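S.K.: The structure under discussion is supplied below as structure tokens; questions concerning it will follow.
The values are calculated or read from the model by the stated rules, or taken from the named source; none is laboratory data. Keep in mind that what you see is a predicted model, and the values were worked out from it rather than measured. Note: ideal-geometry Cβ built from the backbone for every residue, glycine included; neighbour counts use all protein chains shown.
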Amino acid sequence: MNYICTCCGKRTPTTTKEPRCECGGLFELDFTPPKWDESLIDKSEWSQFRYRRFMALEDDAWKSVTMGEGMTPIIRFDDDVMLKMDYYMPTLSFKDRGAATLVSHMKSIGITDCVQDSSGNAGNAVAAYAARAGIGCEIFVKEGTSPSKIRMIKSHGAKVTEVPGSRDHCADVCRAKVRDEHVFYANHVFNPFFYEGMKAYIYETFEQLGRIPANIVVPVGNGTLYIGVVKALEHLLASGVIDKFPQIIALQSEKCDPLFRAVEMKAEEPIEVEVVDTMAEGIAIGKPSRGHELLEMAYKHNIRFVTAPEDKILEARAKLASRGIYCEHTTAANYAAYLHYCEQYGPTPDTLITMCGAGIKSDH
């Protein structure tokens, strides 16, 4: 299997330890899944790897990596909203989906040590799955990241390096180590194997409901879930099992909204913004590395961007908690953004919202 550079088109074997093409472009996978066919689902496997025929996996390394991630329930919240409970996973966040497939790839090609930068959830997921696979791990986090997330990362034996400044600066520091020390970059943005796991969010929804909801709310910082959702929906559409693309409602923090502003201006690249502190720390990404790709998808599929009002996040979190749903602040921003969307576009029934992270992870 090969990577394809998104800039120059060069093919590179997926056995490479390099994080990106020599021209500087990011990698995509040269992989086209077979048409969706329910008979290709391994219904004896109770994890997201029941859909492995539709994922770019090189071998069976996943068998010793999986911890049963995926297969999260969809519950009814009210007449208009369903919640997919993606914090019902081993590390209490949706990032387990991508970590499981990325670490499976790492094990397949013989990686022994890795580094990653993260706002917390992705770092914790990679640390946990790397530990399970016997791979050494160091996670770079922005100074001020939720202490609960840092404790979880350390509990898996990973080294945690806190970096002063913005989330984007944290990524720069980590990438400098990758460049200078040639350590493997287990990054959820750069490495496309991560998105293979995120696709399962849609595959599960389709199998569970027998359809795709009319509206799907997706948080976007670096866009890992967003890319996985779009790729899986494109796959189902090309397979002829759905007849139209649902309305994706992509949300950003109102305090960090480079893609929202770009869509407003019909720009091809994210707008430069000043990153300020927000309760939605998980999506506070001022310079998304795949920003051009995210915007291309938005224009292709008429994806609407909306912001989560900062002063409504705690209110949304309390409303969810009053119905038994205890989620982290960034996840509450999903619901706050949905309510803000309804104010702009009117009632929006048949909507699926992801519950990305458990509340115990962000009690500041």
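S.K.: Which residue out of Pro288, Pro347 is part of a loop (DSSP other than H, G, I, E, B) and under 16 Å from the mean Cα position of the chain (by Cα)?
M.R.: Pro288 is the lone residue from the list that is part of a loop (DSSP other than H, G, I, E, B) and under 16 Å from the mean Cα position of the chain (by Cα).
S.K.: What number of residues within region 256-268 satisfy the criterion of being part of a loop (DSSP other than H, G, I, E, B) and more than 20 Å from the chain's Cα centre (by Cα)?
M.R.: Count: 3.
S.K.: So which residues in region 16-63 are out of contact with any Gly (no Cβ under 9 Å at 6 or more places or on another chain) and assigned to a helix (DSSP H, G or I), if there are any at all?
M.R.: If the condition is that a residue be out of contact with any Gly (no Cβ under 9 Å at 6 or more places or on another chain) and assigned to a helix (DSSP H, G or I), then Glu38, Ser39, Leu40, Arg52, Arg53, Phe54, Ala61, Trp62, Lys63 are the ones that fit.
S.K.: Contact list please: Cβ distance under 7 Å, first residue in region 313-324 and hydrophobic (A, V, I, L, M, F, W, C), second residue surrounded by 11 or more Cβ atoms within 10 Å (Cβ to Cβ) and assigned to a loop (DSSP other than H, G, I, E, B), pairs at least six apart or on different chains.
M.R.: Ile313/Met279; Ile313/Ala280
S.K.: Please specify each residue of region 341-364 satisfying the condition of being small (Gly, Ala, Ser) and either under 15 Å from Met279 (Cβ atoms) or free of Cβ contacts under 8 Å to residues at least 12 places away in the same chain (or both).
M.R.: Gly346, Gly357, Gly359, Ser362, listed by residue number.
S.K.: Can you tell me which of (1) closer than 19 Å to Phe94 by Cα; (2) surrounded by 23 or more Cβ atoms within 10 Å (Cβ to Cβ); (3) not small (Gly, Ala, Ser) is the one Ile303 doesn't meet?
M.R.: Ile303 satisfies all of (1) closer than 19 Å to Phe94 by Cα; (2) surrounded by 23 or more Cβ atoms within 10 Å (Cβ to Cβ); (3) not small (Gly, Ala, Ser) except (1).
S.K.: Does region 225-244 contain at least one residue that is under 17 Å from the mean Cα position of the chain (by Cα) and within 21 Å of His329 (Cα to Cα)?
M.R.: yes
S.K.: Suppose we keep only residues that are surrounded by fewer than 21 Cβ atoms within 10 Å (Cβ to Cβ) and without any contact (Cβ under 8 Å) to a residue 60 or more places away in the chain within region 79-106. Which one would you say is nearest to Lys17 (Cα to Cα)?
M.R.: Among residues in region 79-106 that are surrounded by fewer than 21 Cβ atoms within 10 Å (Cβ to Cβ) and without any contact (Cβ under 8 Å) to a residue 60 or more places away in the chain, the one nearest to Lys17 (Cα to Cα) is Pro90.
S.K.: Might you let me know whether region 231-251 holds any residue that is touching a residue at least 24 places away in the same chain (Cβ under 8 Å), of a type in the set (Val, Ile, Thr), buried (at least 17 other Cβ atoms within 10 Å of the Cβ) and assigned to a helix (DSSP H, G or I)?
M.R.: no
S.K.: Given (1) in the same structural domain as Arg132 (by TED's automatic domain parsing); (2) of a type outside the set (Val, Ile, Thr); (3) over 25 Å from Met279 (Cβ atoms); (4) out of contact with any helix residue (DSSP H, G or I) (no Cβ under 6 Å at 6 or more places or on another chain), where does Glu162 come up short, assuming only one miss?
M.R.: Unmet condition: (3).
S.K.: So in region 72-131, with the set limited to residues that are in a loop (DSSP other than H, G, I, E, B) and among the polar types (S, T, N, Q), which one is farthest from Phe27 (Cα to Cα)?
M.R.: Thr72
S.K.: In the set Glu181, Glu204, which member is among the acidic types (Asp, Glu) and in contact with a Ser or Thr (Cβ under 9 Å, 6 or more places away or on another chain)?
M.R.: Unique residue meeting the criteria: Glu204.
S.K.: Sticking with this one: So is Ala99 more than 27 Å from Tyr326 (Cα to Cα) and among the small types (Gly, Ala, Ser) or not?
M.R.: It is false that Ala99 is more than 27 Å from Tyr326 (Cα to Cα) and among the small types (Gly, Ala, Ser).
S.K.: Looking only at residues in region 307-364 that are over 24 Å from Leu92 (Cβ atoms) and of a type in the set (Ser, Thr, Tyr), which one is surrounded by the most Cβ atoms within 10 Å (Cβ to Cβ)?
M.R.: In this case the residue turns out to be Tyr341.
S.K.: Hey, another quick one. Which one of Glu196, Glu274, Glu207 is touching a Gly at 6+ places or on another chain (Cβ under 9 Å), at pLDDT 95 or above and either within 22 Å of Ala99 (Cβ to Cβ) or part of a loop (DSSP other than H, G, I, E, B) (or both)? Before you say what the answer is, go through the steps one by one.
M.R.: Details: Glu274 fails: at pLDDT 95 or above; Glu207 fails: touching a Gly at 6+ places or on another chain (Cβ under 9 Å).
Glu196 is the lone residue from the list that is touching a Gly at 6+ places or on another chain (Cβ under 9 Å), at pLDDT 95 or above and either within 22 Å of Ala99 (Cβ to Cβ) or part of a loop (DSSP other than H, G, I, E, B) (or both).
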